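Input: a single structure, listed below in structure tokens.
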Amino acid sequence: MTAADQQSHPSAVPTADIPVVILCGGMGTRLREASEQLPKGLVDVGGRPILWHIMKTYSHYGFRRFVLCLGYKGDMIKSYFLDSRVRSSDLTLHTNGSKPLEFHTDTSDEDWEITFVETGLTTATGARIARAAKYLDAPRFALTYGDGIGAVDISAALDQHVASGLTGTLTGVHPSGRYGEMQVVGDVVKEFNEKPTTQTDYVNGGFFFFERSFVDGYLDADRTEEMLEHAPLGRLARDGQLGVYKHEGYWLGMDTFRDWKELNGLWDAGKAEWKVWKD
């Protein structure tokens, strides 16, 4: 059973006006076989960019406002969304004069508002968010990476964040089991599992929620080398203002060609657990 067959509850907090910031400025240097000519967010999973999959996940939970922090080949990400609408619509182009492009039909299934923000070619994640600050016009915002995919109950994460009263909440996930797990007694292997059967440690899986005050209090647009995951989150944790939403289901960060093959294999087999939306 895929995640689309499971029940998901709507958030107690209205989601339509909450901006969703997606960090999609990466180069995908370890994905060269799949993305030599593409920004990482446009790498294909099941016929659609991984960025689209992430946005569909949020859209399933009622989010519709997206702020894309662009960097490497950001023009290609802009073109993907602009061209998608042009390809699917009847339109009139005025080649002489200042009239805008006229769309007569729109067959898109999504009601999305997408803001594209040029945040710099090599800018680190913390400064990218700060450079998008003027588009974060709500009391809080969501944030995630442009390469992490999972069957995360985003409504539940939001509800926990709001109830906690904390400045920030991240989603804790279990890292994918890459190697065989062994139980060893002396020099003898007593149990061997191809993939670990139990995992207790959590890592940062993205799918954050932050109060708007986080940007002004912890980030600086001029600190171009400052990663969100270093000083800002570290200080937030020391201040006792960083919560964790524990996700026990599927999650994968698409960092390597192997990850890309895994995601496409699951999609092709109809076992994409992150597909929480229905066609």
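Every number here is computed from the coordinates shown, using simple stated rules; none is lab data. Owing to the predicted nature of the structure, the values given are computational and were not obtained by experimental measurement. Using ideal geometry, Cβ is built from the backbone for each residue, glycine included, and neighbour counts are taken over all protein chains shown.
For region 15-269, the dipole from Cβ point charges (+1 on Lys and Arg, -1 on Asp and Glu) about the Cα centre works out to 300 debye, to the nearest 20.
For region 97-161, the gyration tensor built on C-alpha atoms gives an oblate shape. Its axis ratio a/c (a ≥ b ≥ c) is at least 1.5, and a/b is not larger than b/c. Classification of region 215-259 by its C-alpha gyration tensor yields an oblate form. The axis ratio a/c (a ≥ b ≥ c) is 1.5 or more, and b/c is at least a/b.
Taking 0.36 nm per residue of separation and subtracting the current Cα-Cα distance, fully stretching the chain between Thr224 and Leu82 would add 48.2 nm. So which lysines pass the test for Lys261, namely a Cα distance under 18 Å, with those fewer than 8 places away in the same chain ruled out? Output for Lys261: Lys40, Lys195, Lys271, Lys275.
Between the beta carbons of Asn96 and Tyr135, assuming R0 = 30 Å, the FRET efficiency works out to 0.30 to the nearest 0.05. Of all aspartates and glutamates in the structure, those lying under 12 Å Cα to Cα from Lys278, and not within fewer than 8 positions of it along the same chain, are Asp5, Asp109. Plainly put, region 15-269 has a radius of gyration that is 1.02 times its Kirkwood radius, both from alpha-carbon atoms, as the Rg/Rh ratio.
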